[in-house]
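The values are calculated or read from the model by the stated rules, or taken from the named source; none is laboratory data. Remember, predicted model here, so these are calculated numbers, not experimental data. Note that we place each Cβ from the backbone using ideal geometry, even for glycine, and neighbour counts take in every protein chain shown.
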Amino acid sequence: MSVPSEVTEVVFKRLPPPKESIQPDTTKANPTFEVKTNKLDSLKDGQILIKSLIFSNDPTQRTWLRKPGDNRRAYIAPVYEGETMEALGIGEVIDSKSDKFKQGDVVNARIKWADYSIINESSVFNKIDNTQGLPLEYYLSVLGMTSLTAFFGLIEAGQLKKYLNKRDSDLIIAVSAASGAVGSIVVQIAKHLLGAKKVIGLAGSDAKCKWVEEIGADLCVNYKSENYQKKIDEFLDNDWVDVYFDNVGGEILSYFLSKMKEFGRIAACGSIAGYNNPDKALVSNWFNVVSSTLTIEGFLVMQYKDKIPEATKILSDAIKSGKIQTEKAYHVEELKGNDEREKFTEIPKIWNLLFDGDKPNGKLLIKVK
Ligand code: NAP
């Protein structure tokens, strides 16, 4: 394939005011992003040119957005106003000035919201060895970062390794954002790999809850309904939760602090309730951490990178044996439009589905080409 001379990219224009959601529509007032066409730079040593194939949509991208000069600690490189927005994704190497990657390699990397990205070789997570002929989408969903997050959150932060491959255990495990990419895998690992007695999920609609129960939860409640806490109380029936896998923070975390078993563990994975407005992730009921002698362990998937091969083997075996289902594990949106610019205006709108309640079940992906 010949090297293109131009690139169409979605640039992060301006942060929304504090405590407000982003404006994903570039045609509306005060858009957060704008689409631009620019000349493609030439490659420097150690860089590769990637053609975007699939973008991952992740809530954490919201936490990357910053004003220039904002030097607060970041767990991963931020994206500043005026820079091209970035995402995890899969792309094909079109040109290379790296000894590690050659034309035709397909890689999992942090790339740009653009048709082509120039990235340093260090931004590549791994080369995809697709000798098994699996759909590329698997490497951003059931075998990707979000699945590993579910696994390490339960096994490492939740310290549940000793339950792996138990058919029946007394475990009670709860998870928020249970219809999402991470949460839906947490449900399946908890039920089908750890044999949990009670798996409780929370999701934002009755339809989402129905699916969460189909894949393994014993109870899923719609956290937007008024009586959701009462339903969980009744289901627990004087039992207490061993591990709560927290994806959201705020009200739901506060509730579970009061439902934990003595010495229970909370795997603190994310706090999406507060990504647009930090006030919504605030926590009450803190004294339960003391009175129930709880451990709350924050974790990042990449802190376990040495254990990824072992975890991937366990997840692949679980997929092969049907313990983790792949059929509805991801949803792919294709970019529609007459040209690249029109197509790329869709990207922020699709990503924003993560925050506005309309996200389809499982992992949300964008097919670029
Ligand atoms: P996702 O679940 O596929 O999408 C986000 C989901 O969050 C939506 O489906 C939505 O579901 C739910 N949500 C949105 N706003 C909410 C709110 N105010 N209260 C409760 N739920 C809300 O995303 P994901 O990739 O699996 O990420 C889930 C969490 O894991 C995020 O907090 C993310 O930052 C975190 N994460 C952490 C790591 C790590 O290494 N620690 C790695 C990956 C992801 P509903 O319709 O049910 O509301």
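Set side by side, the residues THR149, THR131 differ, and just one is of a type in the set (Val, Ile, Thr), closer than 24 Å to LYS305 by Cβ and assigned by TED's automatic domain parsing to the domain that holds GLU262, which is THR149.
Starting from residues that are among the aromatic types (Phe, Trp, Tyr) and part of a loop (DSSP other than H, G, I, E, B), keep the ones in region 208-242 and report whichever is nearest to ARG265 (Cα to Cα). Going through the qualifying residues, I end up with TRP240.
Look at region 233-259: where a residue is under 17 Å from LEU282 (Cα atoms) and a partner is among the basic types (Lys, Arg) and in a helix (DSSP H, G or I), sitting 6+ places away or on another chain with Cβ atoms under 7 Å, you get GLY250/LYS280. Screening region 225-269 for residues that are within 16 Å of the ligand (Cβ to nearest atom) and at positive phi and picking the one that is nearest to the chain's Cα centre (by Cα) gives GLY249.
Counting residues in region 303-310 that are touching a residue at least 24 places away in the same chain (Cβ under 8 Å), in the same structural domain as ASN38 (by TED's automatic domain parsing) and among the charged types (D, E, K, R) gives zero.
Hey, any hits in region 208-222 for a residue that's in contact (Cβ under 8 Å) with a residue 40 or more places away in the chain, farther than 24 Å from TYR139 by Cα and away from the ligand (no atom under 15 Å from the Cβ)? The answer is no; no qualifying residue exists.
If you filter region 151-178 down to residues that are part of a helix (DSSP H, G or I) and free of Cβ contacts under 8 Å to residues at least 60 places away in the same chain, you find that the one that is nearest to the ligand (Cβ to nearest atom) is LYS161.
Selection of region 220-266 for residues being in contact with a helix residue (DSSP H, G or I) (Cβ under 6 Å, 6 or more places away or on another chain) and hydrophobic (A, V, I, L, M, F, W, C) yields CYS220, VAL221, PHE245, VAL248, LEU257. Sub-6 Å Cβ pairs linking a first residue in region 22-51 that is part of a loop (DSSP other than H, G, I, E, B) to a second residue that is of a type in the set (Lys, Arg), at least 6 apart or interchain, are PRO24/LYS349; LEU43/LYS97; ASP45/LYS97, ordered by first then second residue.
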